[in-house]
Amino acid sequence: MRSLRTSDGEAGQLDLFVGAGSDIAARDAQDLMAWPFFSLAKSKRVKPIDFRMGEVAILVEATAEHGMATIWDADVLIWVASQIVEARDAGKATSRLIAATPHEILTFTRRGTGKAGYERLKAALDRLQSTSIATSIRQAGARRRRRFSWINEWRERLDDNGRALGIEMIVPDWLYEGVLDRALVLTIDPAYFALTGGLERWLYRIVRKHGGKQKGGWSFDISHLHLKSGALSPLKRFAFEVRAIVRRQSLPGYNLALEHQFGRERLLFVAAPVDPFASARRRIGLPPVEKGA
């Protein structure tokens, strides 16, 4: 990793942090996993998320031009968190000003690295920058709010001949401080990036956050999950989609089940048994052991 300096705007006050590439463990910020910060739809969302639960308040607002940052766009923030934690654990300096090549980010998130993938990445960066968040999380008192965008600014890096060298982005203090706190970051299964549904991705993150590796697992009332998702779909549709995910058993590392208690439907989840030969199976092209086998 290199530490450089840039010369304009907020970037001129920060050291440039260059990431460690794409072959590192994936980490996610627990606050982003537990609360409704992103659109779960692939279509443009402009309706705000206005969420309140106890002392937690979250307001997410989008622009008509770009729409709200999606849970797929959040992959960029997972990449950011992973880079910062990797450097922190190695005793190296980090910064809110981060440089990378699009290829590194796209490879890390298991995306295509061609021109189309690069264009989608730039669109994601635009949504992350234009989405506004105000939240009481990690603030002293429920009435205090911190307002920020997921990316303060970003730009393409060019050489003297105008050829693209990569991109630079500045992440907000709120995100950076949370990632530097060891207690607020969790590793996630790289198979997460292969999940194609927005609800499926969100469900994995909240299951990973609350289920962890606890032997007895965890459970949530479906209506409570619906509230925490921030999804626009009605509860009936949301429950239908959750049941489909349970049938598919598609969340990496977890077994899911449904039960009814006092007329209310609950989702139960528990860490799946670890296959000790998983890496060897992948190397020789064998399929993974089925859950519960």
(message) Under 9 Å between Cβ atoms, which residue pairs at least 6 apart in sequence (or on different chains) link something in segment 247-265 that is assigned by TED's automatic domain parsing to the domain that holds Arg208 and farther than 18 Å from Pro190 by Cβ with a partner that is aromatic (Phe, Trp, Tyr) and at pLDDT below 95?
(response) Asn255/Phe269; Leu256/Phe269; Ala257/Phe269
(message) Would you confirm whether or not segment 192-213 contains a residue that is over 14 Å from the mean Cα position of the chain (by Cα), among the hydrophobic types (A, V, I, L, M, F, W, C) and at negative phi?
(response) no
(request) Select from segment 42-82 the residues that are under 28 Å from Ile24 (Cα atoms) and at pLDDT below 95 and list them in ascending order. (result) Lys42
(message) Please go through (1) buried (at least 16 other Cβ atoms within 10 Å of the Cβ); (2) over 24 Å from Ile206 (Cα atoms) for Gly112 and return the number of the only condition it doesn't satisfy.
(response) (1)
(message) Considering only residues that are within 19 Å of the chain's Cα centre (by Cα) and surrounded by 13 or more Cβ atoms within 10 Å (Cβ to Cβ), which ones fall in segment 37-47?
(response) Phe37, Phe38, Ser39, Leu40, Ala41, Lys44, Arg45
(request) Taking the residues in segment 152-191 that are under 16 Å from the mean Cα position of the chain (by Cα) and of a type in the set (Val, Ile, Thr) as candidates, determine which candidate is surrounded by the fewest Cβ atoms within 10 Å (Cβ to Cβ). (result) Thr187
(message) Restricting to segment 16-36, name every residue that is surrounded by 16 or more Cβ atoms within 10 Å (Cβ to Cβ) and either among the charged types (D, E, K, R) or at positive phi (or both).
(response) Arg27, Asp28, Asp31
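In segment 109-227, which strands (runs of 3 or more DSSP E) lie fully inside it and hold 3 or more residues that are under 24 Å from Ala41 (Cβ atoms) and touching a residue at least 40 places away in the same chain (Cβ under 8 Å)?
In segment 109-227, the matching strands (runs of 3 or more DSSP E) lie at 132-135.
The values are calculated or read from the model by the stated rules, or taken from the named source; none is laboratory data. In this text, all values refer to a predicted model and were calculated from it rather than measured experimentally. Here Cβ is always computed from backbone atoms with ideal geometry, including for glycine, and neighbour counts include all displayed protein chains.
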